[in-house]
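What follows is a short report on a single structure.
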2 protein chains.
Amino acid sequence: MNLEHILSNIKPLDQSAMDAARARQDQLTKPRGSLGRLEDLSIQLAGIMGNATPSIREKVIITMAGDHGVTIEGVSAYPQEVTSQMVSNFLAGGAAINVLARHVGARVAVVDMGVATDIPPREGLLNRKVGYGTANMAKGPAMTRGQAVESILRGAQVVQDEILRGVDIVGTGDMGIGNTTASAAIACALMEQSPSEIAGCGTGVDHEGYNRKLSAIERALRVNRPDPKDALDVLAKVGGFEIGGLAGVMLGAASRGKPVMIDGFISTAAAMIAVSLAPPCREYLISAHRSQEHGHGRMLDWLGLTPLLELDLRLGEGTGAALGISFAEAACKILAGMATFGEAGVSEKR
Amino acid sequence: MNLEHILSNIKPLDQSAMDAARARQDQLTKPRGSLGRLEDLSIQLAGIMGNATPSIREKVIITMAGDHGVTIEGVSAYPQEVTSQMVSNFLAGGAAINVLARHVGARVAVVDMGVATDIPPREGLLNRKVGYGTANMAKGPAMTRGQAVESILRGAQVVQDEILRGVDIVGTGDMGIGNTTASAAIACALMEQSPSEIAGCGTGVDHEGYNRKLSAIERALRVNRPDPKDALDVLAKVGGFEIGGLAGVMLGAASRGKPVMIDGFISTAAAMIAVSLAPPCREYLISAHRSQEHGHGRMLDWLGLTPLLELDLRLGEGTGAALGISFAEAACKILAGMATFGEAGVSEKR
């Protein structure tokens, strides 16, 4: 598998499937357009899946974990060891993503893309480690360009394995102490914005911690000078292994015609990398929610995505994506399962 | 059963259950507050159900149907017979509410509160008809004060029967050609607003139809002079049988300590009646969504409710409530099912 091959395999959506889905929505026993975003979503899913009445049965949340050298700058409210501790929590089924994935009938695939320590092998854990945490981006590149490509390729391979198992929709999730700092830096680089316009308080850093976070991002951008026209350069210099992996998940799913429900701030930074590398990928992405995190709305605007939910979430892990997947499934069921005016003997609009 | 008895039985929420739920949320393996509205919702549900870790298993959407004499004024895009046709569609399982209720694992209870024609008995249909459609409110009262009380009592009885069967949460839904006109009139009367501030296009009436709708509401308010301090007077003069029934569902559920997920514009008008009659009822209500319908946001503000979703829905039937119920269930599962920091061996915030 090489990156060029994946990028060139992402096709525009199937317009005839979308037209057929739209025509069917207008025949279902409800006023036209009265299911709002659910109707739009069903039409997008028809286009992605190339089927006028798509169905979503098998669902997976791919939650990727990685550590960040920049945590040494004191940018997070939690110590670095929480990344691996939370991976263990995911594998034991006790985290929020486990509860919400069970609620919506999705599996959780936990992927070690670059946690700083070795995690003992366990069922449900995929070891795709590109490195033992990134380097401190405030002092130099977070990773090499080769590692950036590798993280994307490994993410694409993970999702393609899932698709071979029969998955219909993929949700993205993340775990990594320090990764709102890296994600904000990615957004600042690609959008050419200053850190204070984008960075928020992540897991709940205090005022002084927030200032350290802004300073770390400023230094990372100044020291590394990531090229906004070169997403691989941005990922390498100020990104993270799990962020690259999630961009790979999005590109890999899009190249196989599967929809991706993107979670919050970190997944959206990954989406910015993916869409910069392959603009047609955008059509395969659905934004689950707008988070509490400061610049998230602007990042979604930059991508041209409108979030489904605004529930003041700021947890990550794929929690918002799990909720969003339930809407995607509902949208497909509406399209396929409702009676038409003719079938139900209901009078149409006069 | 009498109305005074129901109203006086609505107690404030259980503060100790809420305190315990809040304390538990802060021990779960996530940054404090990072699940936003889901955390708030779990705490409210704890208070309603008097249980620090409430659970939602049995779910019902109560969809109430009624006809409206005001349709003769040309206020709707659809003919009146659609009300009974859609009731048949609900019973056959082909409507949007059936699809979404199945998706979230809820039953649908369909109640004829006042459809203009007789509907043949069928499994799943409750005949609680108060009358064969309301009178034309543009020319006089929609119903008598006695009928207004009766519609509320019948609604309360329906929900209390459901609660005896073991229901944990109730969603409200409506069907009734012309009922956005009646609902807007209720809101105008209680909020002392003009029709153009509140009324929207309902099922999709055109510009001329919209003007006829505004005119009908204006005449209804002028001819009947509903007393904003007397919700029964408002319901009788400009309401509807299904709207009274839904107010009864809310009051009946609150009096038995059960949460109510309210749907869109019509359910919100019913909530305004219910809360006017018994202000403590408000704490038992959860707004599922803000609809496309013009004044809905202002009505929710008046009630002091913040909607969970904004998906541009404007269908009614309980469709938004079904989606909202899934969030309530998720919120309870988070509270009861996540591991604590101690249980999972995860380091807390430093």
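The values are calculated or read from the model by the stated rules, or taken from the named source; none is laboratory data. The shown structure was predicted, so the numbers you read here are calculated from the model rather than taken from an experiment. All Cβ positions, glycine included, derive from the backbone under ideal geometry; neighbour counts span all protein chains shown. Surface areas here come from the heavy atoms of the whole protein model, side chains and all, with no ligands, DNA or RNA. Shrake-Rupley method; radii C 1.70, N 1.55, O 1.52, S 1.80 Å.
Laid out as a table, the results:
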quantity	calculated
Tally of residues being out of contact with any Gly (no Cβ under 7 Å at 6 or more places or on another chain), within 14 Å of another protein chain (Cβ to nearest Cβ) and surrounded by fewer than 19 Cβ atoms within 10 Å (Cβ to Cβ) across the stretch A:298-312	2
Flag for residue B:73 being at pLDDT 95 or above, more than 22 Å from the chain's Cα centre (by Cα), more than 21 Å from residue B:155 (Cα to Cα) and within 8 Å of another protein chain (Cβ to nearest Cβ)	no
Residue within the stretch A:205-228 that is surrounded by 24 or more Cβ atoms within 10 Å (Cβ to Cβ) and on the phi > 0 side of the Ramachandran plot present	no
Tally of residues being surrounded by 24 or more Cβ atoms within 10 Å (Cβ to Cβ), farther than 20 Å from residue B:157 by Cβ and not hydrophobic (A, V, I, L, M, F, W, C) across the stretch B:233-288	5
Check on residue B:169, touching a residue at least 12 places away in the same chain (Cβ under 8 Å), touching a Lys or Arg at 6+ places or on another chain (Cβ under 8 Å), away from chain A (no Cβ under 14 Å) and of a type in the set (Val, Ile, Thr)	yes
Condition met for residue A:18 (away from chain B (no Cβ under 14 Å), among the aliphatic types (A, V, I, L, M) and open to solvent by 30 Å² or more (accessible area, probe 1.4 Å))	no
Members of the stretch B:62-85 that are among the charged types (D, E, K, R) and within 19 Å of residue B:125 (Cα to Cα)	B:67, B:81
From the options B:43, B:62, residue that is farther than 22 Å from residue B:173 by Cα and among the β-branched types (Val, Ile, Thr)	B:43
Matching option when the condition is within 14 Å of another protein chain (Cβ to nearest Cβ) and at pLDDT 95 or above, among B:107, B:57	B:57
Options B:320, B:342; residue that is open to solvent by 20 Å² or more (accessible area, probe 1.4 Å) and out of contact with any Phe, Trp or Tyr (no Cβ under 7 Å at 6 or more places or on another chain)	B:342
Failed criterion for residue A:315 (all others in (1) within 9 Å of chain B (Cβ to nearest Cβ); (2) among the aliphatic types (A, V, I, L, M); (3) out of contact with any Ser or Thr (no Cβ under 9 Å at 6 or more places or on another chain) hold)	(3)
Subset of the stretch B:320-342 (residues that are more than 7 Å from every other protein chain (Cβ to nearest Cβ) and either out of contact with any His (no Cβ under 9 Å at 6 or more places or on another chain) or basic (Lys, Arg) (or both))	B:325, B:327, B:328, B:331, B:332, B:335, B:336, B:340, B:341, B:342
Tally, over the stretch A:26-54, of residues that are within 11 Å of chain B (Cβ to nearest Cβ), assigned to a helix (DSSP H, G or I) and buried (at least 23 other Cβ atoms within 10 Å of the Cβ)	3
Scan of the stretch B:1-36 for residues that are farther than 23 Å from residue A:90 by Cβ and of a type outside the set (A, V, I, L, M, F, W, C), ordered by number	B:2, B:4, B:5, B:8, B:9, B:11, B:12, B:14, B:15, B:16, B:19, B:22
Filtered residues of the stretch A:109-136 (kept if touching a Leu at 6+ places or on another chain (Cβ under 9 Å) and of a type in the set (A, V, I, L, M))	A:109, A:110, A:111, A:113, A:119, A:125
Strands (runs of 3 or more DSSP E) completely within the stretch B:107-202 that count 3 or more residues being touching a helix residue (DSSP H, G or I) at 6+ places or on another chain (Cβ under 7 Å), assigned by TED's automatic domain parsing to the domain that holds residue B:264 and at negative phi	B:107-114, B:169-175
The stretch B:61-81: number of residues that are surrounded by fewer than 23 Cβ atoms within 10 Å (Cβ to Cβ) and not in a helix (DSSP H, G or I)	6
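Let's see how each residue does on (1) of a type outside the set (Ser, Thr, Tyr); (2) open to solvent by 20 Å² or more (accessible area, probe 1.4 Å); (3) more than 14 Å from chain B (Cβ to nearest Cβ):
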residue: A:83; (1), (2), (3): no, no, no
residue: A:97; (1), (2), (3): yes, no, no
residue: A:132; (1), (2), (3): no, yes, yes
residue: A:153; (1), (2), (3): yes, yes, yes
residue: A:163; (1), (2), (3): yes, yes, yes
